[in-house]
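A short worksheet on the structure shown next.
The values are calculated or read from the model by the stated rules, or taken from the named source; none is laboratory data. The structure displayed is predicted, hence computed values, not measured ones. A quick note on method: Cβ atoms are made from the backbone with ideal geometry, for glycine too, and the neighbour counts reach across all protein chains shown.
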Amino acid sequence: MSRWQPNARGRLEQAALELYTERGFDQTTVAEIADRAGLTERTFFRHFNDKREVLFWGQDALIERMTTAIAQAPESASAIDAAGEGLRAAGEMLETRRAQARRRQAVIDANPGLQERELIKLASLAEAMAAALRRRGVAESAAALTAETAIAVFKVAYGRWLSTAGRKDLTSVIGGSLDELKALTDHTRRA
C-alpha cells in the first residue's frame, strides 16, 4: 500500500489487531504495526499515543454519545431509563464493528495490563454517565449507583453480543439486559 492512501487510522488499527492476534500484544512493536499498515512510525504517533491506544481510541466519542443521549432522554425518564438511553446510543455506535470488537476483546482478555486499561475505561464511562445524570437533577449517590449499574449491564450485554453468532444487534441485547435487571429488582421488591 502506498503511504498516501486515506484512512491511516483505520489501517493502523487493522494492522495492530492482526499483529496482536498473531504475535501477542507485548511482542508487537509500533514499527511493525506501521510497516504492516504501509505507513511510518511518525504517522502512527500522529494518531495514537502508544500501541495500547489503538484498542481504546474511541473512548471520548463513546462518552460523548452516551452523555448526549442521557441529556436528551425525556424529562420524565427515570435515572436507569436515561442511563439506558446512553447505553443504547453506545450500542448504535459499536454495532457495525462486531468482528473487530471480537478481535479487540480477545487481545484484551489475553493481557492483564490491557484488562486493567479496559477497567479504567469502564470507570471513566461510569463517571461520565453519573455526571450526566447529576446534570439531570439525580442525587449524587443515586447517580453513581445508577451509572455503575448501567456499566455492569453494558458489560454483560457486550459480552453476550460478542459471543453470539450475530442475529441480535447490540442495542437489542442491551435492552434485554436492562429488562432483566428491572425484572430482577421488581422480583426482589415483591419477595
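Data overview
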| quantity | calculated |
| --- | --- |
| Segment 53-89: number of residues that are among the charged types (D, E, K, R) and under 15 Å from Gly10 (Cα atoms) | 1 |
| Test: residue in segment 31-47 that is of a type in the set (Ser, Thr, Tyr) and either in contact with a strand residue (DSSP E or B) (Cβ under 6 Å, 6 or more places away or on another chain) or in the same structural domain as Arg136 (by TED's automatic domain parsing) (or both) | no |
| Options Ala69, Ala89; residue that is more than 26 Å from Ala110 (Cβ to Cβ), surrounded by 14 or more Cβ atoms within 10 Å (Cβ to Cβ), free of Cβ contacts under 8 Å to residues at least 24 places away in the same chain and not aromatic (Phe, Trp, Tyr) | Ala69 |
| Residue list for segment 25-60, restricted to those being over 21 Å from the mean Cα position of the chain (by Cα) and either in contact (Cβ under 8 Å) with a residue 60 or more places away in the chain or assigned to a loop (DSSP other than H, G, I, E, B) (or both) | Asp26, Gln27, Thr28, Thr29, Gly38, Leu39, Thr40 |
